[in-house]
Amino acid sequence: MLTLHVLQAILFKNFALYETRTIYKIKKGKHNMNLILLGAPGAGKGTQATKISDRYGLVHISTGDIFRANIKNGTKIGLLAKSFIDKGELVPDEVTCEIVKDRLTWEDCKNGYLLDGFPRNLFQAEELEKFAKIDGVVNINIDFKLLMDRLCGRRVCKECGESFHVSTLNGATTCSRCGGELYQRKDDNPETVGSRLNVYNEQTAPLIDYYTKKGIILNFTGSEAPAEVLFEEIKAGLDQMTK
Ligand code: AP5
Ligand code: MG
């Protein structure tokens, strides 16, 4: 049940609607398309989102980043989101859908956007259709055996949001891109990752079928290919789609 405080927060837009990477970087879109990025936790959505949004001039909207910004700012939405994120569960649909609906009215979305981590269940997908027109879905399939290590070893830059893996850091504690401090996400621990993967299987994976039936999905495999190689494949798929 949502508390009265949270409903008021939604109603009066008392939430922080910015993401670490995109707020200062509104670009003129080149392709004007609206995309969804689908994939299990750790599949590489955030990693590919940066590259895709740069290449196509799309605004990167990550619901996970929006929730983490709210947690950091101590908003009511942040307080609510934290109680679900820490357990690896989904934040209630009413809150999440309202945040995305509002974000998509911003001027920068007129040139196209990339939704990372939304929708995450059938309810959210159906709600999204009421306020957005989606042109394509990029789905990253991945071998689940890789995910526990990827996520528990992930370190994220506090400043620019770039992700690293401890195995390649050689003990470094700052970001090689911007010098920011690296931290470990609180939900990147074995127990929470286990719940996140269950939630993905039960609630998010059915969206692959949902968008396949709509004929707008592009499927990729993110298991073996390094991020740059995977991006080249995604780019080829999207270029073909926008021809
Ligand atoms: P969110 O922030 O969306 O997390 P997630 O879906 O669990 O996905 P991650 O961000 O952990 O992984 P990613 O796919 O972005 O992978 P990354 O590129 O970082 O959501 C967090 C929480 O918020 C949810 O659990 C939920 O509670 C809540 N929430 C969010 N959206 C919601 C919604 N719509 N409804 C309700 N609740 C919502 O890569 C992972 C690691 O792998 C990195 O270390 C990276 O360097 C590495 N890597 C990436 N690509 C490669 C590659 N090709 N080869 C080798 N390593 C790679
Ligand atoms: Mg991510």
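The values are calculated or read from the model by the stated rules, or taken from the named source; none is laboratory data. Keep in mind that this is a model prediction, so the values were computed, not measured. For neighbour counting, all protein chains shown are included, and Cβ atoms are generated from backbone atoms with ideal geometry for every residue, glycine included.
Test residue 156 against the stated conditions and say whether it is of a type in the set (A, V, I, L, M, F, W, C), at negative phi and part of a strand (DSSP E or B).
When the stated conditions are applied, residue 156 passes them.
For region 56-102, how many residues meet the condition of being surrounded by fewer than 18 Cβ atoms within 10 Å (Cβ to Cβ), on the phi > 0 side of the Ramachandran plot and in contact (Cβ under 8 Å) with a residue 24 or more places away in the chain?
Here the count works out to 1.
Is there any pair linking a residue in region 147-168 that is surrounded by fewer than 17 Cβ atoms within 10 Å (Cβ to Cβ) to one that is of a type in the set (Lys, Arg), with Cβ under 7 Å and at least six apart or on different chains, and which?
160/21; 160/177; 165/150; 165/154; 166/155
Limited to region 29-62, what total is found for residues that are away from ligand 2 (no atom under 12 Å from the Cβ), farther than 20 Å from residue 122 by Cβ and part of a strand (DSSP E or B)?
So the count comes out to 1.
Looking at 153, 171, 117 in this structure, which one is over 19 Å from residue 90 (Cβ atoms), of a type in the set (Gly, Ala, Ser) and touching a strand residue (DSSP E or B) at 6+ places or on another chain (Cβ under 6 Å)?
Of 153, 171, 117, the one residue that is over 19 Å from residue 90 (Cβ atoms), of a type in the set (Gly, Ala, Ser) and touching a strand residue (DSSP E or B) at 6+ places or on another chain (Cβ under 6 Å) is 153.
Would you check which residues across region 179-193 are in a helix (DSSP H, G or I) and surrounded by 12 or more Cβ atoms within 10 Å (Cβ to Cβ) and list them?
Residues satisfying the conditions are 192, 193.
Any residue at all in region 195-206 that's hydrophobic (A, V, I, L, M, F, W, C), out of contact with any Phe, Trp or Tyr (no Cβ under 6 Å at 6 or more places or on another chain) and more than 12 Å from residue 38 (Cβ to Cβ)?
yes
Tally time: how many residues in region 207-227 are in a helix (DSSP H, G or I) and at pLDDT 95 or above?
So the count comes out to 8.
A quick yes/no check of all residues on (1) more than 8 Å from ligand 1 (Cβ to nearest atom); (2) in contact with a strand residue (DSSP E or B) (Cβ under 8 Å, 6 or more places away or on another chain):
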site	(1), (2)
188	no, yes
196	no, no
201	yes, no
208	yes, yes
215	yes, no
226	no, no
234	yes, yes
238	yes, yes
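Check 185, 154 and return the single one that is modelled with pLDDT of 95 or more, under 19 Å from residue 48 (Cα atoms) and in contact with a Phe, Trp or Tyr (Cβ under 9 Å, 6 or more places away or on another chain).
Just one listed residue meets the conditions, 154.
Does region 83-117 hold any residues that are closer than 18 Å to residue 197 by Cα and in a helix (DSSP H, G or I), and which are they?
83, 84, 85
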